[in-house]
Structures are given as C-alpha cells and as structure tokens.
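Colleague: The structure that follows is given in the form of structure tokens.
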Amino acid sequence: MSAVDPFGIGGAFGGNRGLRPVPPEKGIFPLDHLHECDLEKKEYLSCLKTSGHKSEKCRQFSKKYLQCRMEKNLMAKQDLSELGFGKSSEMEASVGKEFSEK
C-alpha cells in the first residue's frame, strides 16, 4: 500500500524542487520606483474596473502605459505591433467604436 501525497510532489509550499525555474519571456525590467508612469497605470486600472475587467476595451490605456515605460527606460523599446497592437489608425477606430457603444 503506497501513501498518496495530497499536495502533489514537493509539498504544498515547497514546490517541485527538481525542475529548473524558467525566466520570464522578456527578461527582467525595473519597477517604477519613481512613479514615472503612475498616471498611465491608474488610467488603465480605472478603465479595467469600469469595464468589468474587459481588457479589450482598455487597449488605448494599455498602449499608453507601455509607451510611457519605454520612454522612461523602464522596459526595452519595442514596436507596439510586436506587443499585440495593430496600426494606430485601426486601433483608434476600434476604440472609438467601443466607447460610443457604451
């Protein structure tokens, strides 16, 4: 008769110590200790709250926040299309449509 570990291998809090951790896809990036992008962050979080956490309705705020982080060197500069944002004219048209439907 073998005992069954109810928490899986490694225990509830110890985790599986046999596996190597995988680094984040984008590497590490500095936190915004100086609150340089607080306004953009608050706008995005406020939008999420009022939209019932439907992130697609808050894409323009997400884009603005990421742009701020890139401008302040809080993350690597990258083309926004690589981060899931289409051409700005397409996005602005869809955002305008979403907010007019409210």
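The values are calculated or read from the model by the stated rules, or taken from the named source; none is laboratory data. Quick caveat, the model's predicted, so the values are computed rather than measured. Cβ atoms come from the backbone with ideal geometry, glycine included; neighbour counts cover every protein chain shown.
Colleague: What single numbered condition from (1) at pLDDT 80 or above; (2) on the phi > 0 side of the Ramachandran plot fails to hold for residue 51?
Modeller: So the condition that residue 51 fails would be (2).
Colleague: Further question: Give me the pairs, please: first residue somewhere in the range 55-71 and farther than 9 Å from residue 40 by Cβ and in contact (Cβ under 8 Å) with a residue 24 or more places away in the chain, second residue anywhere and among the aromatic types (Phe, Trp, Tyr) and in a helix (DSSP H, G or I), beta-carbon distance under 8 Å, and either six or more positions apart or on two chains.
Modeller: 57/99
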